[in-house]
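The values are calculated or read from the model by the stated rules, or taken from the named source; none is laboratory data. Quantities reported herein were computed from a predicted structural model and do not represent experimental measurements. Cβ: placed from backbone, ideal geometry, glycine included. Neighbour counts: every protein chain shown. Areas reflect the complete protein model, heavy atoms only, side chains present, ligands, DNA and RNA absent. Shrake-Rupley method; radii C 1.70, N 1.55, O 1.52, S 1.80 Å.
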Amino acid sequence: METLNMVIDHIPVTAVAGQTILEAALAADIYIPHLCSHPNLHPQGGCKLCVVEVDGKDGLPVTACNTEARDGMTVITKSPVIDKMRSLSMELMLAGHPHDCTSCRSYLNCELQSLMQYLSATGVRMREVHRTAIGINTKNPLIDREMERCIQCGRCVRVCQDLRGVNVLKYKKKDAEAYIGTEEDLPLADSGCRFCGACVEVCPTGALQDREGVFRKDLPREQSLIPCQAECPAHTDIPRYVRLVKEGRYGEAVAVIREKLPFPHALGYVCTRYCEKGCKRTDLNEAIAIRDLKRFAVENDKTELWKARSKQKPSTGKKVAVIGAGPCGLTAAYYLAKSGHEVTVFDRNPKAGGMLAAGIPAYRLPRADLQKEVDTIAEAGVKIELNHPIENVGELKQDYDAVLVAVGAQSGKSIPLSGYELGCSLTAVELLRAAAFDGKTSLIEPGKIVTVLGGGNVAFDAARVSRRLGASVNVICLEAKDKMLADREEIQQAEEEGIRIYAGKANLSIEGSPGKVEGVKVIDVDSFRFEEGKLVVNTVPGTESVIPSDIVVFATGQKTDLTSEFGLELNKFGYPVLPSGGHSTSLEGVFAAGDAVTGTKAVIDGIVGGRAAASEIDHYLGGSGDISEVLLEKENPSPYIGTIEDFAQKVRSEASILGAEERQDSFRLVDLGISCSQADCESERCLQCDLRNQLKKVRLWNSYQYK
Amino acid sequence: MMSICEKTGTVLPEMNEIFNRADETCPVDWALNVAASARLESCGKGTLCRDGINQIWQIIRDITIDKGKNGDLELLKELSDMILLAADCELSGKTALLIQTSLSTHSDEWNAHLTRKRCSALVCAAYYTVHVDPSKCSGCNQCASVCSVKSIAGEQGLIHVVDNELCTRCGACFDICPEHAFLKAGAMKPRCPESPIAVGSFSEGVRRRRRPGGEE
Ligand code: SF4
Ligand code: SF4
Ligand code: SF4
Ligand code: FES
């Protein structure tokens, strides 16, 4: 790198060949005001705030942002002419700019405002400019354009044209009035905008803003800008792997996912999709089908290249026991084994996987695929002891340096309902476990009528499993149909399978005689709410009816089944007390995580709990606690996204679903996933929100040493 | 330094028009047209060109309509000086140079507009009045029918009289009058009847008189 020596305001400065005067000065912590230039963009030289005098040519200012630094150059950044030109330029910009800074969303976060301060300029000497083109194109999804605040620096135009290659924004004229607009003044969505947000990012004023509510405000900015990743409890780098899917690099995509979790395939089937709820594209039309893309990547990964860089630390000689082979326990075991510890997982069930094996039905998650991911964990050196209940953690601890309790929330809750004592009732957890491990339950037989109480995903699992065991099935829930907690597709598919949904009904009693249930008595719900944690239901008098039933299934919540005999101090809800706020329990060396600590949560929450616990335990055992892995070298994604025809209009790809007739009597997989062309299309829909973080932040004058 | 703009000055008049000024052109009005053309032509990328020329245009326009302010000429000079110094293209440079040159070459005329409310070429609408030469008017009444604001009083056979409070200086009457009886007047006003009188009955001809409230 060729270096140049120059003098700026009598300060010797070393610059790099090719740098502009502005770049050289800023790098040397010498401030030169500038507004239209931006570190990621070609200089335009339009605002004239960066004028300086070079080599004693007094009174002949040049723009520092587009004048190259030369060896031996002397630069003066302040002089009467320079000051005059800067002030005048500011005054001109302000003549057409609203005076009400305080009502602007960029207030105190605005480069223009900061420059007004630095140059102590106002627009009062100038004639006020009334602009009429500011009303053009103000209604767009995701981006608010308050063009009365625009000072036409052209950064947005350059970022859209030069950096993104989208070329939507242009300098336009309405009669003699210049403004920033689109071809034919079309709305952004119709003009080819890819909603990358780069224009918002580089705008130095409040003219371009992200729509309120698109990004969370309670997170550091770089995180909030990528909402899917921010919402994912594991913070999987979603835009990165979505882009890799687009490039057909499925093995690489899986490596990215595996940096954060060891169950990519299971999650590809059943993840609760926090990410999609955050997806920025939702406000344009529909969220990216992230879960389907993840599954697609796993199923098309021919290389398994993540294995090459998978971290395995040397043996520490420490022994760890994990109780519970669910997502949390297995995740913790996996990372602990990779951290060099000897890990044994104990589970009372005949199969590993926790709720993935015992709860989620096989038609949603094929067992062979689950087993493959469990095997991968075992290959990392984790010993898994099945059919092995642990009665007392204290005794177990004697043989281990650390123990993790990850027993989940495995016992179903039933709500107090008169007639429960008649028998013929079971919890959804019991039903699902029996169906999963035995292929049947003692109660449900073909021809019986099963009524499931509850409206969440577990209720629908229970209902659809009962259907597959030959029963005729009802679901009763308190919520109105459109407010039910289960996923939309679960409800729809259940109905297609002939399951009757009684929404907006409260259960009054189970009717019948001992050993023989006749039905569930219900009443219509007018409204319900929670007061201090207690459910208060307003019913509609006179609407009582009995829904004929032989068997009643309670899908009304789950809890841990830990008792004091287990040896841990429990709180009043039955969860282990965690005195430190981390994962360590009342017993030295014993940790707890997952549903056993948090109550029923999603699979991904369990995995995240398992990672956190693994890190804490590794630390406890003398390790660094660092379980992070780099399974794929960081690529440098191209900021140049170019154009895609009808980008804004592209609709979400829907997975193909096995027909109701074919699926309702068997445990065959229902969701067949998306095709290769769908994956291609779907990954292309992504707004690549992460690219925005490539854009540099402009430092304001007050942070420079010489100003 | 790279140039951001390749706009040329071909939409603008040539410098020699400033020096070889015909009596019927007003330098202020001429400069207003220069600024107006430049403002239409500007690409919009540079602040001084885009907003500076626009500001020049707004100020000159104000001067031509009696809305000029103290200090306007100094501000115009400062603007054109800076635009010239910073010019990225021929368009803005030439515009600034033309304005600057006009300001110095015709400073008397600029001052007359701003401080004495005079336009010696009788071009700037705020600074002249419209009259009917009583010795020429034939009382044909064509002017009254063409005036969109009904500022001309008179009937067939009467000498017509213009109400300058109403008149918008649109010039339609000048074009239609077959006798070429319409006149513009600056400080010096022709003697005209107060209200329409019979053609031929006003014989005193055009004479100087003080305009009420005027300076001469
Ligand atoms: S919208 Fe923002 S970035 Fe674009 S020209 Fe206006 S002020 Fe500059
Ligand atoms: S493509 Fe990106 S930079 Fe261009 S207008 Fe759309 S959001 Fe802005
Ligand atoms: S558009 Fe892509 S990067 Fe942005 S939130 Fe959605 S999935 Fe994530
Ligand atoms: S920053 Fe150099 S001209 Fe705007």
Residue within the range B:42-50 that is over 19 Å from residue B:6 (Cα atoms) and buried (at least 22 other Cβ atoms within 10 Å of the Cβ) present: no
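How many of the residues making up the range A:116-150 are part of a loop (DSSP other than H, G, I, E, B) and either more than 16 Å from ligand 2 (Cβ to nearest atom) or aromatic (Phe, Trp, Tyr) (or both)?
Here is the first cut: in the range A:116-150, the ones part of a loop (DSSP other than H, G, I, E, B) are A:120-132, A:136-142, A:146, A:150.
Filter once more, keeping what is either more than 16 Å from ligand 2 (Cβ to nearest atom) or aromatic (Phe, Trp, Tyr) (or both): A:120-132.
Going through the range A:116-150 one residue at a time, the tally reaches 13.
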Can you confirm whether the range A:204-219 contains a residue that is within 14 Å of chain B (Cβ to nearest Cβ), modelled with pLDDT of 95 or more and within 16 Å of ligand 4 (Cβ to nearest atom)? yes
Considering (1) more than 10 Å from every other protein chain (Cβ to nearest Cβ); (2) out of contact with any Cys (no Cβ under 6 Å at 6 or more places or on another chain); (3) at pLDDT 95 or above, say which one residue A:113 fails and leave the rest. (2)
Considering only residues that are of a type in the set (S, T, N, Q), open to solvent by 30 Å² or more (accessible area, probe 1.4 Å) and within 14 Å of ligand 1 (Cβ to nearest atom), which ones fall in the range A:119-166? A:138, A:161
So residue A:92, is it within 14 Å of chain B (Cβ to nearest Cβ), in a helix (DSSP H, G or I) and within 34 Å of the chain's Cα centre (by Cα): no
Have a look at A:61, A:43, A:39 and point out the one that is closer than 22 Å to residue A:704 by Cβ, open to solvent by 20 Å² or more (accessible area, probe 1.4 Å) and within 14 Å of another protein chain (Cβ to nearest Cβ). A:43
Exclusive hit being open to solvent by 20 Å² or more (accessible area, probe 1.4 Å), touching a Lys or Arg at 6+ places or on another chain (Cβ under 9 Å) and not small (Gly, Ala, Ser), set A:563, A:600: A:600
Kindly list, by first and then second residue, each pair from a residue in the range A:145-164 that is more than 13 Å from chain B (Cβ to nearest Cβ) and without any contact (Cβ under 8 Å) to a residue 40 or more places away in the chain to a residue that is within 10 Å of ligand 2 (Cβ to nearest atom) and in a helix (DSSP H, G or I), limited to pairs with Cβ atoms under 6 Å and residues at least 6 apart or on different chains. A:160/A:199
When only residues in the range A:331-380 that are in contact with a helix residue (DSSP H, G or I) (Cβ under 8 Å, 6 or more places away or on another chain) and acidic (Asp, Glu) count, which is surrounded by the fewest Cβ atoms within 10 Å (Cβ to Cβ)? A:369
Only one residue in A:330, A:305 is under 19 Å from residue A:606 (Cα atoms), at pLDDT 95 or above and of a type outside the set (D, E, K, R), so which one is that? A:330
Meets criteria (closer than 16 Å to residue B:105 by Cα, in a loop (DSSP other than H, G, I, E, B) and without any contact (Cβ under 8 Å) to a residue 12 or more places away in the chain) for residue B:14: yes
Given the options A:429, A:475, A:520, name the one that is surrounded by 18 or more Cβ atoms within 10 Å (Cβ to Cβ), within 31 Å of the chain's Cα centre (by Cα) and not assigned by TED's automatic domain parsing to the domain that holds residue A:292. A:429
For the range A:199-210, does any single residue satisfy the condition of being in contact (Cβ under 8 Å) with a residue 40 or more places away in the chain, away from ligand 1 (no atom under 16 Å from the Cβ) and in a loop (DSSP other than H, G, I, E, B)? no
